[in-house]
1. Look at the stretch 573-601 and say how many of its residues are open to solvent by less than 50 Å² (accessible area, probe 1.4 Å) and out of contact with any strand residue (DSSP E or B) (no Cβ under 9 Å at 6 or more places or on another chain).
2. For the stretch 127-169, enumerate the residues that are within 29 Å of N266 (Cβ to Cβ), of a type outside the set (S, T, Y) and within 15 Å of the ligand (Cβ to nearest atom).
3. Is it fair to say F52 is in a helix (DSSP H, G or I), out of contact with any Lys or Arg (no Cβ under 8 Å at 6 or more places or on another chain) and buried (at least 16 other Cβ atoms within 10 Å of the Cβ)?
4. Of the residues V436, V398, V430, V466, only one is among the aliphatic types (A, V, I, L, M), away from the ligand (no atom under 16 Å from the Cβ) and in contact with a Phe, Trp or Tyr (Cβ under 7 Å, 6 or more places away or on another chain); which?
5. Just one of F589, F580 is free of Cβ contacts under 8 Å to residues at least 40 places away in the same chain, at negative phi and outside any helix (DSSP H, G or I); which is it?
6. Within the stretch 630-653, track down each residue that is in a loop (DSSP other than H, G, I, E, B) and either within 13 Å of D548 (Cβ to Cβ) or within 19 Å of the chain's Cα centre (by Cα) (or both).
7. Which one of these does A679 not meet: (1) crowded, with 24+ Cβ neighbours inside 10 Å; (2) away from the ligand (no atom under 16 Å from the Cβ); (3) among the aliphatic types (A, V, I, L, M)?
8. Quick test of your reading of the structure: F356 fulfils all but one of (1) within 18 Å of S433 (Cβ to Cβ); (2) away from the ligand (no atom under 16 Å from the Cβ); (3) open to solvent by 40 Å² or more (accessible area, probe 1.4 Å); (4) under 26 Å from the mean Cα position of the chain (by Cα). Name the failing condition by number.
Amino acid sequence: MKPTQKYPFDKALFQNNVKRHLNATYATTVEHASTHAWYLAMARALAELTMFNLLETEQDQRIVKAKSLNYLSLEFLIGRLTGNNLISLGLYEPVAEAMEGLGQNLTDLLEEERDPSLGNGGLGRLAACYMDSCAALEYPTVGYGLHYEYGLFKQSFENGQQKEAPDAWQGIEGYPWEVARPEFKQDIGFYGHVEVNYVDGEEKRHWVPGMLIQAMPWDLPIVGYENDTVYPLRLWEARAIAPFSLESFNNGNYFEAQHALIDADNITKVLYPNDNHEKGKTLRLMQQYFHSAASIRDILRRHTNAGFSLEELPEHETVQLNDTHPTIAIPELMRIFIDEKGLSWDKAWSICSRTFAYTNHTLLPEALETWDEGLIQRLLPRHMEIIYEINRRFLLEVSAKWPGDVSKQQKLSVIQEGFHRMVRMANLCVVGSYAVNGVAALHSELVKRQLFPEFHELYPTRLKNVTNGITPRRWLKYCNPGLSDLISEKIGDQWPSDLAQLQRIANYADDTAFQKRFMAVKKENKERLAKWVQENMNITLDTNAIFDVQIKRLHEYKRQHLNMLHILSLYHRLKTDPTFDMQPRVVFFAAKAAPGYYLAKEIIFAINKIAEKINSDASINGKLKVVFVPDYRVSMAEIIIPAADVSEQISTAGKEASGTGNMKLALNGALTIGTMDGANVEIREEVGDDNIYIFGLDIDGVHELRSHGYNPYDFYQADPLLKASLDLLLGEEFTPGEPGKLRATYDSLLNGGDPYLVLADFASYVDAQQRIDTDYRDTAGWAKKAIMNTAQMGKFSSDRSIRDYVNQIWKLTPVKR
Ligand code: 26Q
């Protein structure tokens, strides 16, 4: 591992810096410092190194003048930074040695870092992988997000039930990797009214906010892989402005201003824990505008300081909207252009609509954002006017294309008519963006055919696909050092920046010696995970068992309950059929449920109760274990993924936009059991039918079944194994003395109509699991399949995704340092 720093690593100097931070920043001494204090001091010393590069990057005139990406996202699920940044800096071993010299073990120190959980799941983690790739490939980028005081809640189980606790991720000492940038702070307005003036007979409108809130930026360094490039992830924190300055803005509207004051620093207090579900709360809309307004102003500041005119904006900046959450940035930029900079509507719109691009991450109707018109009107009165005008002009286009077709107008309108008029954020995004993309080939087709067919007719080149990807630095090199070293030994060490090279290990798929080493690494990783489970959950595991893994947010469409039914079917057969034989298996779950999602929480409870019984039932003889790992987070994924044999990707076809866990698991040599959904389709194309277990209805099958009227009872009555498995939920098998405590899932499947077709796919799923059971016993055959999975994952590097964005959408040029 080579330090690529322009300034070579000086061990003694670094050690001194660590000691200096121990004293000056953390007020302790070498003699008295805790492991935690040593970690903090080391991380600050490292952060210092990256800050030089961050400032250099910021001031590099080639970068200042180049076209940049601005990635706007309400979530960046970055995970721990220290270990990953050490790898990118090429300093893992030198720093391990330097710390050893100070009597500290690097692995222990790294375990002290808390995960910054500033995201819910896939969408937030994707943003983090994309920042990593932009820095690796040196496409000038600024990430813009929110500095939540509390990240995603911490999860624990009490008697099997999920309990939530606040996640104060910065700790009392503060997070060592961030630095405040007070020179870039700004004031953001809310509420108030629109004033109308006439200048030379021309109407001029402008917004007089009822309150102002300060936005303070914190920068986290995104370190490019072995290249000295560091880009900022800029997170905005909300602070109340002293009441005296508020007085001048409240214009007699005392009550509203008081109300506002109470809300001020609440804005970035906590991340909303919903995933694939929108709930229209005022504070969430305030978060969205706060984020958009601060980011847009920062972009304009950089643009103007670089000496460029407003007209040149699309040539120098592109703004990617990570789902519709930052949509309000579009009317905000229009407002600044028209009201503050005096541009005409046409000029402003021409610039704006060449600046934004939008990524759609979901087709689920309950996840498509709409906001109450009255709420926007009150909170952002001028923006509401601008949205009306955008829509009025857009509907003229619609009626020119489809003259007299009122239903087309209703369907495409940014405003949804009705008793409560609502603003459709996705429609606003499509109208205001120069490109719209889905996140996997199948998903993007459905965006064109199902979600936005008329938009596709109206703007035939706007809708695109960019298949998601994951960073191979964190998700192979860092989290799986055993496999990384084995790969590097065979094909050299350049694969982390060119993942397609992994293809070359396919040459060793039939090589017995290589198969053995590959599986020996897998075994070590399984032992690492088993040790964690023993120490933290007091469950003993057999590492010869199949490690079967489903790790993702808990959602009905992801069908953790289908997996649960398979477990019940195995339990039933072990209990009732003396001839039934199975390969030992450990089924791992890790998942957080949104706190308000009743059924999701019931499914967690059911799996926990089933696990309790099965894990302590001597008659099962260790053949089956169920482990629900609490508090799923990035650092937990880094332990589970390298240890997985089987990857569960079992969503109802058409529901999972892409998935990215599927890519991480396959990259680490797990075989996918999955439906023809999201990126599973493309994973299958890469690995081939022999190396994946596809089951269940595809989107046509789903459509067909629903068109005839789906009745889950038909499947229940016709399949004795399914009936027996489901019926286990009715009695007291898993809740002794309390019969019926697990019936919520049963009821949703049978009486609730089984909206995600769990029963329809059950038989095919059990069959695929049976094939896995058989294939796993053929050790060499399985090793070959696992190797082929790792070998064929090159496509799913987020470097490829970023290049796709650059070529199809952003049109950036790298700036090498
Ligand atoms: C919206 C409004 C109010 C509050 C919260 C939200 C909200 C927050 C997060 C809505 C959705 C999300 C997250 C969605 C998400 O993670 N989607 C996933 O995105 C991944 C990356 O593209 C895909 O791989 C997954 O398939 C998709 O489910």
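1. The total comes to 4.
2. A127, A128, M131, G145, L146, G151, L152, F153
3. no
4. So the residue among V436, V398, V430, V466 that is among the aliphatic types (A, V, I, L, M), away from the ligand (no atom under 16 Å from the Cβ) and in contact with a Phe, Trp or Tyr (Cβ under 7 Å, 6 or more places away or on another chain) is V430.
5. F580
6. Residues satisfying the conditions are P630, D631, Y632, R633, A644, D645, I650, S651.
7. Evaluating A679 over (1) crowded, with 24+ Cβ neighbours inside 10 Å; (2) away from the ligand (no atom under 16 Å from the Cβ); (3) among the aliphatic types (A, V, I, L, M) leaves (2) as the failure.
8. (3)
The values are calculated or read from the model by the stated rules, or taken from the named source; none is laboratory data. Model, not experiment: these values are computed from the prediction. When we count neighbours, we look across all protein chains shown, and the Cβ atoms used for this are built from the backbone with ideal geometry, even at glycine. What goes into the accessible areas is simple: the full protein's heavy atoms, side chains included, and nothing from ligands, DNA or RNA. Shrake-Rupley method; radii C 1.70, N 1.55, O 1.52, S 1.80 Å.
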